[in-house]
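The structure under discussion appears below in the form of C-alpha cells.
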Amino acid sequence: MGAEGRGERLWFLDWLRVLAVLGVFAFHTLRPFDDGDWHVKNAETSEGISIGITFLGLWGLAFFFMISGCAAWLALRWRTAPQFLRERSLRLLVPFVVAYVLLSPLQYFIEEHHKGRSTAAFLDDVRTFFGDLGGDAPLWLRDTYHLWFLVYLIQFAVLGLPLFLLLRGQTDWIARRCRRRGSILLLAVPLVPIHLLLLAAPGPEHGWGEFVFFFDFFVVGYLVMSDERLLAAVRRDAVPGLLLGAGAFVLGVVTGIIDFLDGWWPAPGYSWAYLWYSPLITLAVWGWLVAVLGLGLRAPALQRPLPPTLARAAMPYFIVHQPVILAIAYVVVTWDAGIGPKYAVLLPTAFALSALLAWLLSSLPVVSQLFGVKRT
C-alpha cells in the first residue's frame, strides 16, 4: 500500500520540492564563476566553485527528478490514465510552451550579446531565434535553456505511465527485500549497469544517456512513494545513505573525478576511467537521494503545511529564476571586482527579483495557471 495521503505524511514533499527549486537557483547563481562553459561567464573562475557545482550537479538534479516522480504518484492516486496525462499537460506542457515563447528568446539575446556573437537589436535576435527552432532528440527544440527539465518531465510522464500502472500492487517483492537496515541502498545495484551502458552514449547536451539516467530516478521516486514499507526504509536508512553518498563522492574527488568530468561532459564517451567513475556517480547519487529524502521524512520542521503562497510560487519561481540570473550576471561580470563582491550582489538581487516575479505570476488569475500553478 502506498502513502496514505494524510497531510502529516505528505507535507515533507512540498517542502522538499521548494528546497529543490532553491537548490537549482543556487546552482545557477554559481555557474558564471565555475570553470565550465555557460551562457554568461565571469573572466575569473574558481576551482572551489567548480567542485561545488560538480557535487550539486551529480545528485541535485537527480533529486529534483526523484521528487517529481513522487509527485507523479500523488497525481495518479485518484486519477485515470487520461486524467493523469491531462493534469500533467496543464502543469508541465502549458507552462513550458509559455516560458519557451516568452523567456527563451530573452536568454538567447543575453547569451549571444555576452559572447559577442550578435550586436543586433532585441527584436532582430528574437526573429533569429524563432527562425530555426528544430533541435536534437530528446529535447526536440534548440535553446531550451533551463526548460530542458520540463521537456524531460513531459516525456517522463508519458513513458512512465504504463510502467506506473504495471507497478500498482506489484511492489511486495521489492519491499520485502528492503527490510534490513541499509538494504534500500541496494536499489542502486540494477542502476549501475544501466548507467554504465547508456550514460556515455554519444549525442548532444542533455542527450539520451542523461535522459535515461534521470528517468531511472524519476521512476524510483514513484516506486518509493507507492509502498509504505519502501518509504519507511528510506526514512530508516538516511544515515547509511549519507555515508554512501559522501564516501563515493570523496573517493571520486580523490581519484580525479573533477578533472575527468571537465573533459567528459562536453563530449561523453567510453573509456577505462569512465568504467570507474560511472558506478561511483550512480552510488553517490543514490546515497544522497536516500539521505535527503530520509532526512526530509524525519525533520519535524518539514512535517507541517507549506504556506500556500510559497507552494503556489514554486513553479513560477523555477521558470523565471534563470532569465533573472542571466540578466543580472550580464552586468555584474563586467565589473572590476573579485568573485566575492560580484556574487554578493548577484545572489540576493536575483533571489529577490525572482521571488517578486514568482509571487506576481502566481497571484494573477489565468496567468498563474499558464505558469503551472495548480487551480484551487
Exercise. Hey, what angle do you get for helix 238-254 against the long axis of the chain, alpha-carbon based, 0 to 90 degrees rounded to 10?
Worked result: 50 degrees
Seminar exercise, completed: For segment 59-134, inverting the pair-averaged 1/r of distinct alpha-carbon atoms gives a Kirkwood value in Å of 15.2 Å
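Tell me, in nm to one decimal, what length is gained between residue 299 and residue 86 on full extension, where the rule is 0.36 nm per residue of separation less the Cα-Cα distance?
Values: separation 213, 0.36 × 213 = 76.68 nm, distance 3.36 nm.
Between residue 299 and residue 86, full extension yields an extra 73.3 nm.
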Exercise. For the chain, modelled as a GNM with alpha-carbon contacts under 10 angstrom, which of 227, 14, 37 fluctuates the most?
Worked result: 37
Problem set entry | Distance between modelled label sites at residue 272 and residue 26, nm, 7 Å Cα→Cβ extension | 3.8 nm
Problem set entry | segment 6-145: C-alpha gyration tensor shape, a/c 1.5 cut-off, then a/b vs b/c | oblate
For this session: For segment 145-303, count all C-alpha to C-alpha pairs, find those more than 28 Å apart, and express that count as a whole percent of the total.
Result: 25 percent
For this session: Taking the chain as the reference, fit the longest principal axis to its C-alpha atoms, fit the long axis of helix 94-114 to the helix C-alpha atoms, and give the angle between the two in degrees, 0 to 90, nearest 10.
Result: 40 degrees
Exercise. Points 7 angstrom from Cα along the Cβ direction at residue 113 and residue 253: gap in nanometres?
Worked result: 3.8 nm
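So with the 1.4 Å probe, I'd like the accessible area per residue for segment 304-370, rounded to whole Å². Please list the in-between numbers first.
Values: 3250 Å² over 67 residues.
Dividing the accessible area of segment 304-370 by its residue count gives 48 Å².
Please give the direction-averaged projected area of the C-alpha convex hull for segment 74-186, in square nanometres with one decimal.
Working: hull surface 42.2 nm².
Over every viewing direction, the Cα hull of segment 74-186 projects on average to 10.6 nm².
Give the ranking of 136, 125 by solvent-accessible surface, highest area first, calculated with a 1.4 Å probe.
Working: 136 100, 125 5 Å².
Result, largest first: 136, 125.
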Exercise. Out of residues 5 or more away from residue 141 or on other chains, whose amide H comes under 5 Å of its own, with H placed 1.01 Å from N in the peptide plane?
Worked result: 135
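Whenever you get a sec, compute what percent of the accessible area on segment 319-376 sits on carbon and sulfur atoms (1.4 Å probe). Spell out each step's value before the answer.
Details: 2160 of 2930 Å².
Carbon and sulfur: 73 percent of the exposed surface of segment 319-376.
Take the Cβ-Cβ distance between residue 79 and residue 228 as r, set R0 to 22 Å, and report the resulting FRET efficiency rounded to the nearest 0.05.
Values: r = 20 Å, r/R0 = 0.93.
Efficiency computed from Cβ-Cβ geometry: 0.60.
What do you get for Rg/Rh of segment 200-240 when both radii come from the Cα atoms and Rh is the Kirkwood radius?
Working: Rg = 14.3 Å, Rh = 11.9 Å.
So for segment 200-240, dividing Rg by the Kirkwood Rh gives 1.20.
What relative contact order, as a whole-number percentage, does the chain give when Cα pairs under 8 Å and 6 or more residues apart are counted?
On the way: 470 pairs, mean separation 104.4, N = 376.
About 28 percent, as a whole number.
Apply the a/c threshold of 1.5 to the C-alpha gyration tensor of segment 252-343 and tell me whether it is rounded, prolate or oblate. The partial results should precede the final answer.
Numbers: a/c = 2.36, a/b = 1.15, b/c = 2.06.
Here segment 252-343 falls in the oblate category.
Please list 47, 111 from largest to smallest accessible area, probe radius 1.4 Å, with all protein chains kept in place.
Details: 47 125, 111 20 Å².
Final ranking, largest accessible area leading: 47, 111.
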Exercise. Once both labels are modelled 7 Å past Cα along the beta-carbon direction, what's the residue 181-residue 123 spacing in nm?
Worked result: 6.9 nm
Exercise. Just for the Cα atoms in segment 31-77, what are the lengths along the principal axes, largest first, rounded to whole Å?
Worked result: 50, 19, 9
Problem set entry | With Cα atoms, 0 to 90° folded angle of helix 308-332 axis to the chain main axis | 40 degrees
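The values are calculated or read from the model by the stated rules, or taken from the named source; none is laboratory data. Quick caveat, the model's predicted, so the values are computed rather than measured. Cβ: placed from backbone, ideal geometry, glycine included. Neighbour counts: every protein chain shown. Note: areas computed on protein heavy atoms with side chains; ligands, DNA, RNA excluded. Shrake-Rupley method; radii C 1.70, N 1.55, O 1.52, S 1.80 Å.
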